[in-house]
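The next block holds one structure in the form of structure tokens; read it before the comments.
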Amino acid sequence: MAAEVINKSQQPVLYVGGGVISANASEELRALAEKAHLPVTMTLLGLGSYDQNRPESLDMLGMHGAAYANYAVQECDLLIAVGARFDDRVTGKIKEFAPNAKVIHIDIDPASISKN
């Protein structure tokens with residue numbers, strides 16, 4: 001089901017956090033982003049999980065992040081959150097965050113799914 005949603009998406013964005021680093025999953029993240037041509041934005045704790053010099057990198061998201069990363073998330077139709085929380089320093093008002101996006105949330109801790 002997730003693969004179908006990803007394939008149908010016109011403007012997907014990967015939103016990655018510190019969980020990617022904790023899980024030592026940076027290489028898997030890189031492979032996914034490159035294979036699916038997905039732009040990647042990171043939380044503060046997710047910095048370093050993806051090479052910021054890669055063309056897919058949108059740098060950090062949120063109130064202290066890059067404007068273009070925030071714009072990309074606001075305009076995306078699919079947000080794939082990996083190892084990240086929906087913290088208010090990233091989302092602002094949660095109801096206004098990625099308003100037109102379907103969300104796929106992946107985390108090792110089931111209690112973290114959709115947590116903000």
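Restricting Asp77, Asp59 to those that are of a type in the set (D, E, K, R) and either under 19 Å from Gly19 (Cβ atoms) or free of Cβ contacts under 8 Å to residues at least 40 places away in the same chain (or both) reduces the list to Asp59.
Quick one: would you say Leu32 is aliphatic (A, V, I, L, M) and either more than 19 Å from Gln10 (Cβ to Cβ) or modelled with pLDDT of 95 or more (or both)?
Numbers: aliphatic (A, V, I, L, M): yes; either more than 19 Å from Gln10 (Cβ to Cβ) or modelled with pLDDT of 95 or more (or both): no.
Spelling it out, it is not the case that Leu32 is aliphatic (A, V, I, L, M) and either more than 19 Å from Gln10 (Cβ to Cβ) or modelled with pLDDT of 95 or more (or both).
Hey, can you tell me all the residues within segment 24-48 that are polar (S, T, N, Q) and either surrounded by fewer than 19 Cβ atoms within 10 Å (Cβ to Cβ) or in contact with a Leu (Cβ under 6 Å, 6 or more places away or on another chain) (or both)?
We begin by selecting, within segment 24-48, every residue polar (S, T, N, Q); these are 24, 26, 41, 43.
Across segment 24-48, the qualifying residues are Asn24, Ser26, Thr41.
In summary, Met63 fulfils each of the numbered conditions (1) touching a helix residue (DSSP H, G or I) at 6+ places or on another chain (Cβ under 8 Å); (2) part of a loop (DSSP other than H, G, I, E, B); (3) surrounded by 14 or more Cβ atoms within 10 Å (Cβ to Cβ) with the single exception of condition (3). Residues in segment 30-45 include at least one that is of a type outside the set (S, T, N, Q), assigned to a loop (DSSP other than H, G, I, E, B) and over 18 Å from Asp107 (Cβ atoms). The residues of segment 1-23 that are within 11 Å of Gly83 (Cβ to Cβ) and either loosely packed, with under 12 Cβ neighbours inside 10 Å or not aromatic (Phe, Trp, Tyr) (or both), listed by number, are Leu14, Val16, Gly17, Gly18, Gly19, Val20, Ile21, Ser22, Ala23. The single residue among Val82, Val73, Val90 that is within 14 Å of the chain's Cα centre (by Cα) and either over 20 Å from Val5 (Cβ atoms) or charged (D, E, K, R) (or both) turns out to be Val90.
The values are calculated or read from the model by the stated rules, or taken from the named source; none is laboratory data. Since we're looking at a predicted model, the values are computed, not measured. Note that each Cβ is placed from the backbone with ideal geometry, even for glycine, and that neighbours are counted across all protein chains shown.
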